[in-house]
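Notes for the one structure printed next.
Derivation of every value follows stated rules applied to the coordinates shown; laboratory data play no part. As the structure is a prediction and not an experimental result, all values here were calculated from the model. Here the Cβ positions follow ideal geometry from the backbone for every residue, glycine too, while neighbour counts run over all protein chains shown.
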Amino acid sequence: MAWYSVTPEKRKKSRLDDLRDRGGVPDLPDIDDLEYLVKVLERCGVCKSGFNGVEPLNSVDVMEWQRGTKYPLSGWEFQAIIDASRAYCAQYHQSKDPLTPAPYRSKIDFNREVVSDKLTLAFRARIKSDKEKATK
């Protein structure tokens, strides 16, 4: 979700706002039985503000949230929340570059021959254009 949340450099909208404006929906992985952990992460705050923008939650942050809400977390859930926060923040910082690809894509079926033909035509057009510019 971090990739969608970022407003890339030299752009005015986040990728999510831009996608929604065009009528799209985010392409996110199916997490089945672990969706509750995403909700816990969101309730914890996903990340916190720091001098360089977003910073990951640490164990003290999660323990304090746990103590305040009295929400029980197992050891692996506790660590998963911290790991997810770190991954979110790393992706957030990396995604400021507008050329950063999405970290997840659902399987997309495509015809390799059609793609190959289109790329060949595009390269031929580019080569022809470059040759015409060189002769002028």
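Things to note:
- Pairwise FRET efficiency - Asp117 versus Leu28, Cβ, R0 = 35 Å, nearest 0.05: 0.65
- Asn52/Ser129 FRET efficiency (R0 30 Å; Cβ-Cβ; nearest 0.05): 0.10
- Per-residue Cβ neighbour counts within 10 Å put Phe123, Phe78, Phe51 in the sequence Phe51, Phe123, Phe78, beginning with the fewest.
- Distance in nm between pseudo-label sites at Arg86 and Thr100 (7 Å out along the Cβ direction from Cα): 1.7 nm
- Tally of Lys pairs whose C-alpha atoms are under 20 Å apart, taken over region 2-109, 8 or more apart or cross-chain: 6
- Residue order, fewest to most surrounding Cβ atoms within 10 angstrom, among Trp3, Trp65: Trp65, Trp3
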